[in-house]
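Asks: Shown below is the structure under consideration.
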Amino acid sequence: MTRLRYVVHRLRAPGGCPWDQEQTHETLIPHVLEEAYEVVDAIRSGDPAQICDELGDLLLQPVLHAEIAAGAGTFDLDAVATGLTEKLIRRHPHVFGEAEAATSDAVLTQWDAIKRQEKGSQKEGLLHGVGNGLPALMRAQKLQKKAARVKFDWPDAAPVFGKIREEAAELEEAVAKGETAAVEEELGDLLFSVVNLARKLGIESEAALAAANEKFVRRFHAVEEALVRDGKKLGEASLEEMDAAWDAIKKKA
């Protein structure tokens, strides 16, 4: 870590790297997001070497942000690490104190209570600021999890299926009426309900959709290859031909 901090400091220092010197907290936002998603992709690959490499790329982000802040005299990496360490101790009183929390649910409930007390947000509502900045799909699941901790939740997955059917019917009705604003609203409600089902089934909706995306890419590529073998190209083949190729590939994988 000491060597890493030196290298990043050198990159930002006079005579260092022009690109690194130009960066700000704001310009690095897309890089933080990109590196986080690449870590997720590496984890899904199951390749330890790739996970290690991508975690290194992600680690660069807080080190670089801390170097930028140190140059501005606001904070440094030691302040980040110290703050995190104290927070972890403070929010785990069942480990470092006298509190008791025997289950994961109890730990999360305790964590939320301590967090709200720290931030002085007791009057701002349970969902205040939850998931701000997250992609909508991930934020929906996070909001639902938060509400579930105070028992605002379906007892199991069964009633969620009914809710999905209800929302689908309302969406279909809005589409039939041609009400653009209502269509968007009802579509959002349907997506929110599907995320709720994923949560009740113990599935991360973001991960499930990411897997579906990859499956679509894989099968579509196979359709392209099948058409080429038949002497056809995308755009030239009929929808029926592409559907037939898709169905054949779907049966295989």
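Asks: Quick check on my filter: what residues within the range 92-119 are open to solvent by less than 90 Å² (accessible area, probe 1.4 Å), part of a loop (DSSP other than H, G, I, E, B) and touching a helix residue (DSSP H, G or I) at 6+ places or on another chain (Cβ under 9 Å)?
Replies: Hits for the range 92-119 are HIS92, GLY97, ALA99, ALA101.
Asks: When you scan the range 213-243, how many residues do you find that are under 35 Å from the mean Cα position of the chain (by Cα) and assigned to a helix (DSSP H, G or I)?
Replies: Adding up the residues that qualify gives 17.
Asks: Continuing with the same structure: Return a yes/no flag: does the range 217-229 have any residue that is open to solvent by less than 50 Å² (accessible area, probe 1.4 Å) and without any contact (Cβ under 8 Å) to a residue 12 or more places away in the chain.
Replies: Checked the range 217-229: no residue is open to solvent by less than 50 Å² (accessible area, probe 1.4 Å) and without any contact (Cβ under 8 Å) to a residue 12 or more places away in the chain.
Asks: Of (1) without any contact (Cβ under 8 Å) to a residue 60 or more places away in the chain; (2) within 14 Å of LEU191 (Cα to Cα); (3) touching a helix residue (DSSP H, G or I) at 6+ places or on another chain (Cβ under 6 Å); (4) not charged (D, E, K, R), ALA136 satisfies all except one. Which?
Replies: (3)
Asks: Would you check if LEU58 is crowded, with 16+ Cβ neighbours inside 10 Å and more than 22 Å from GLU206 (Cβ to Cβ)?
Replies: Spelling it out, it is not the case that LEU58 is crowded, with 16+ Cβ neighbours inside 10 Å and more than 22 Å from GLU206 (Cβ to Cβ).
Asks: Would you be able to say whether some residue in the range 23-35 is under 25 Å from GLU206 (Cα atoms), modelled with pLDDT under 95, open to solvent by less than 90 Å² (accessible area, probe 1.4 Å) and of a type in the set (Val, Ile, Thr)?
Replies: yes
Asks: State yes or no: is THR2 free of Cβ contacts under 8 Å to residues at least 40 places away in the same chain, under 26 Å from the mean Cα position of the chain (by Cα) and farther than 28 Å from LEU209 by Cβ?
Replies: The answer is no for THR2.
Asks: Something else now. Restricted to the range 1-22, and to residues that are more than 17 Å from LEU77 (Cβ to Cβ) and assigned to a loop (DSSP other than H, G, I, E, B), which residue is most open to solvent (accessible area, probe 1.4 Å)?
Replies: Looking only at the range 1-22, we keep the residues that are more than 17 Å from LEU77 (Cβ to Cβ), and these are 14-19, 21-22.
Restricting the remaining residues to those that are assigned to a loop (DSSP other than H, G, I, E, B) gives 14-17.
Numbers: PRO14: 122, GLY15: 67, GLY16: 25, CYS17: 39 Å².
Here the residue is PRO14.
The values are calculated or read from the model by the stated rules, or taken from the named source; none is laboratory data. Worth saying up front: this structure is predicted, and the values here are computed from it rather than measured. No Cβ is skipped: glycine too gets one built from the backbone with ideal geometry, and neighbour counts run over all protein chains shown. These accessible areas exclude ligands, DNA and RNA; they are computed on the full protein's heavy atoms, side chains included. Shrake-Rupley method; radii C 1.70, N 1.55, O 1.52, S 1.80 Å.
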